[in-house]
1. If you place +1 on the Cβ of every Lys and Arg and -1 on the Cβ of every Asp and Glu, how big does the dipole about the Cα centre of the range 5-87 come out, in debye to the nearest 20?
2. Loop by DSSP (not H, G, I, E, B), at most 14 other beta-carbon atoms within 10 Å: where is the longest site-free stretch of the chain for GluC sites (Glu not before Pro)?
3. For the chain, what does the relative contact order come out to in percent, with C-alpha contacts under 8 Å and a separation of six or more?
4. Using a ≥ b ≥ c from the Cα gyration tensor of the range 112-199 (square roots of the eigenvalues), is it rounded, prolate or oblate, where a/c under 1.5 gives rounded and otherwise the larger of a/b and b/c decides, a/b for prolate?
5. Rounded to the nearest 500, what is the 222 nm mean residue ellipticity of the chain from helices alone, with -39500 (n - 2.57) per DSSP H run of 4+ residues and division by all residues?
6. Calculate the translational D of the chain in whole µm² s⁻¹ from Stokes-Einstein, where the hydrodynamic radius comes from the Kirkwood formula applied to all Cα pairs, the temperature is 20 °C and the viscosity 1.002 mPa s.
7. How much length is gained on full extension from ARG126 to THR159, taking 0.36 nm per residue of separation minus their Cα-Cα distance?
8. With unit charges on the beta carbon (Lys/Arg positive, Asp/Glu negative), name the residue among LEU143, THR83, GLN133 whose Cα is farthest towards the positive pole of the charge dipole of the chain.
Amino acid sequence: MGRVARRRLLDEPERLRQALSPLRRRILARLRTPGSAAQLAAEFELPRQRVGYHLRELEAQGLVELVEERRRRGFVERVLRATAEAYVVDPDVLGGRGEDAVAGLDRHAAEHLVAVAARTVRDVTRMQTAAEQADVRLLTFTLETEVRFAAPGDVHRFTDALAAAIGEVVAAFDTPGGRPYRIMGAGHPAPADPEGAGT
């Protein structure tokens, strides 16, 4: 039994299906700290057999793991915990379009942005899990800002200028044989402020 991962990628349809029901999501959230079927049944006010069934299904998919077994009045109480603090769903499992399907889209297409973001979620989650298992830090960086455009045409001019600037910086730092990094720049309309601030 190893250390609990911070995030785990759900990239297999059956594993995702096993985790999706509301009760199983509650069980996974509760089992961030170890617990038994009897404990969960009492907390959720459900029959222990029902909770036990769901725990066995989650354990079979590797979503929960055995922490310890305790002798209790003629039976063995199994204490389990979730194998991750949070689970990330690979968008391709939900019928997303793969990278090849969107390669021909222009960089202003929302579908292209979604595909690139999905790939980033998938790749970074996998690498973070591997880094945690190796007890090393995954070196990443994130740049985020907001810009206000006066007219729709400014978006295209801004994108061209930004691409040219990034191209210059990449050319200055790109080293043959060096460790490759994938750089992603994206933009989308900022969500409306639910409080109406700034209007």
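1. Values: 19 positive and 12 negative charges, 45 e Å.
Dipole magnitude for the range 5-87 comes out near 220 debye.
2. Working: sites that count: GLU45, GLU144, GLU146, GLU195.
Longest stretch, sites excluded: 46-143.
3. Here the relative contact order equals 22 percent.
4. On the way: a/c = 2.69, a/b = 1.41, b/c = 1.91.
Here the range 112-199 falls in the oblate category.
5. -13500 deg cm²/dmol
6. Details: Rh = 20.8 Å.
Here the translational diffusion coefficient equals 103 µm²/s.
7. Details: separation 33, 0.36 × 33 = 11.88 nm, distance 2.98 nm.
In short, 8.9 nm is gained.
8. Comparing the listed Cα positions along the dipole, THR83 ranks first.
Values quoted throughout were computed directly from the atomic coordinates according to the rules given, and no laboratory measurement underlies them. A quick note: this is a predicted structure, and the numbers were derived from the prediction, not measured. In this analysis, Cβ positions are derived from the backbone assuming ideal geometry, glycine residues included, and neighbour counts consider all displayed protein chains.
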